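These notes concern the structure reproduced below.
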Amino acid sequence: MNTTSISKAKKILKHQLAILWDHPEKSGVVPPMMIWGPPGIGKSTFIKEICEENGIGFIDVRLAQREPVDIRGLPVPRDDKQGIDWIVSSDWPRLEVEGTPERGIILFDEITAADSTLQVAAYEFILDRRLGQLYEVPEGWYIVAAGNRTGDSAVARTMSSALANRFCHIEVGSNTESWLDWALINNIDPRVTGFIRFLPDNLFSMKGNKERGWPSPRSWERVAMEVELADKYQLENDILQTIIEGLVGEGPAVEFMGFLNWSEKIPDVGKMLKSEIKPSIPKRPDQKYAMTSAIVHYLRQHESPEDLIDGYMDILLEFPNDWMQLLQHDIEMVMDIEEKDDFIDELMLHGKYKEMSSRIIARKPAKKAAEA
């Protein structure tokens, strides 16, 4: 199966949701999605994000932590003693219950880690969108499953052919460009984004000891949090490195700490943006990445970034064309996220904007940014 990016998987999922919502009569025909991928890649995260973006319901069912009765319901003898009824779990959405969203996603996470009895219990729910005569999934709710592949050194069992044949299968993998865009949107610490830009292979790797920490999008998000709070609590570097090793492994941690060490030696970005000192671009690629990330972060945090446009343009024009394009891409994205339209408007009216634009148009593709 070909691997796709998280961003493309999001587009596919949104497409399926649009079909379901525009044609509710096809709720029994629109196939549920099965998202395959290694642990830590962000499978369940992007599904939850889609629900938050669309203001719809989200039910996360960790199938491996459930019992069959949690899925199918609890059998209860009838009062007439002529059979049994089933009490269905309150987890499932019911439109007759006040406050239940009309639309949403039910995620069966870790489905490949569930044993055969749990997978069998989920068959009817996933295949027929119902549990006997007692419960039926509302038309506006979509069913998605996610799980690890058998070769990922994670708990993963073979999915039955009957269940597998019902899904639309999508396999996702790590994609540095998509993750960096996500990191900008979510304001991940710029030292982490700068490092991943410098050494993109460190975003995800399962080559080390998988029983300990190893690099993944999930673990780098946690590293970003630790680095940010280390400043607040004045944590010693050796303690911070031990924590980072526990999250991403020894090799990536050593490289990251080296990156931090060199990034501290870049010129004062704040003073350059305020035009208090002349722009000075370091020669080392890692320091260039650190500087571009620091510039974006500084402007993002500033209450009136448009006051710093003169300094920003002076710095920008000192960079080689490819680096200039990289920095401008991040700035435009961040200013759009923060709804700071005045910055972009005034930037386009700046006297040096035409020179900057002509150089960016003549650039190489961004993914081939200069390494010197």
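The values are calculated or read from the model by the stated rules, or taken from the named source; none is laboratory data. What you are looking at is a predicted structure, and each value in this text was computed from that prediction instead of being measured. Positions of Cβ are backbone-derived with ideal geometry, glycine not excepted, and every protein chain shown enters the neighbour counts.
Things to note:
- When residues of the stretch 91-115 are limited to those that are part of a strand (DSSP E or B) and touching a Phe, Trp or Tyr at 6+ places or on another chain (Cβ under 8 Å), the one nearest to Gly40 (Cα to Cα): Leu107
- Complete set of residues in the stretch 261-271 that are assigned to a helix (DSSP H, G or I), of a type outside the set (A, V, I, L, M, F, W, C) and either in the same structural domain as Pro38 (by TED's automatic domain parsing) or surrounded by fewer than 21 Cβ atoms within 10 Å (Cβ to Cβ) (or both): Asn261, Gly270, Lys271
- Flag for Leu95 being touching a strand residue (DSSP E or B) at 6+ places or on another chain (Cβ under 6 Å) and farther than 17 Å from Ala145 by Cα: no
- Selection count, the stretch 273-292, where residues are assigned to a helix (DSSP H, G or I) and closer than 21 Å to Leu349 by Cα: 1
- Positions within the stretch 240-260 being surrounded by fewer than 17 Cβ atoms within 10 Å (Cβ to Cβ) and farther than 16 Å from Ser219 by Cβ, in sequence order: Gly258
One line per residue, one yes/no per condition, for (1) farther than 30 Å from Asn202 by Cβ; (2) of a type in the set (Asp, Glu); (3) free of Cβ contacts under 8 Å to residues at least 60 places away in the same chain:
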| position | (1), (2), (3) |
| --- | --- |
| Thr4 | no, no, no |
| Ile12 | no, no, no |
| Leu20 | yes, no, no |
| Glu52 | no, yes, yes |
| Val61 | yes, no, yes |
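- Number of positions in the stretch 227-260 that are in a helix (DSSP H, G or I), more than 20 Å from Ser205 (Cα to Cα) and free of Cβ contacts under 8 Å to residues at least 24 places away in the same chain: 8
- Any hit, the stretch 293-302, residues being free of Cβ contacts under 8 Å to residues at least 24 places away in the same chain, over 20 Å from Glu276 (Cβ atoms) and assigned to a helix (DSSP H, G or I): no
- Just one of (1) out of contact with any Ser or Thr (no Cβ under 6 Å at 6 or more places or on another chain); (2) modelled with pLDDT under 95; (3) surrounded by fewer than 16 Cβ atoms within 10 Å (Cβ to Cβ) fails for Glu52. It is (2).
- Exclusive hit being part of a helix (DSSP H, G or I), modelled with pLDDT of 95 or more, touching a Phe, Trp or Tyr at 6+ places or on another chain (Cβ under 7 Å) and buried (at least 21 other Cβ atoms within 10 Å of the Cβ), set Arg197, Arg191: Arg197
- In the stretch 201-223, the residues that are small (Gly, Ala, Ser), buried (at least 20 other Cβ atoms within 10 Å of the Cβ) and farther than 11 Å from Ile41 by Cα: Gly213
- The number of residues in the stretch 55-82 that are at pLDDT 95 or above and part of a helix (DSSP H, G or I) comes to 0.
- Complete set of residues in the stretch 325-351 that are among the hydrophobic types (A, V, I, L, M, F, W, C), surrounded by fewer than 20 Cβ atoms within 10 Å (Cβ to Cβ) and over 26 Å from the mean Cα position of the chain (by Cα): Ile344, Met348, Leu349
- For Ile281, the criteria (1) within 24 Å of Asn175 (Cα to Cα); (2) at pLDDT 95 or above; (3) surrounded by fewer than 18 Cβ atoms within 10 Å (Cβ to Cβ); (4) among the aliphatic types (A, V, I, L, M) hold in every case but one, which is (1).
- Failed item, numbered, when Pro39 is tested on (1) under 27 Å from Thr176 (Cα atoms); (2) modelled with pLDDT under 95; (3) assigned to a helix (DSSP H, G or I): (3)
- Considering Asp85, Asp115, the condition of being of a type in the set (Asp, Glu), out of contact with any strand residue (DSSP E or B) (no Cβ under 9 Å at 6 or more places or on another chain) and at pLDDT below 90 is satisfied by Asp115 alone.
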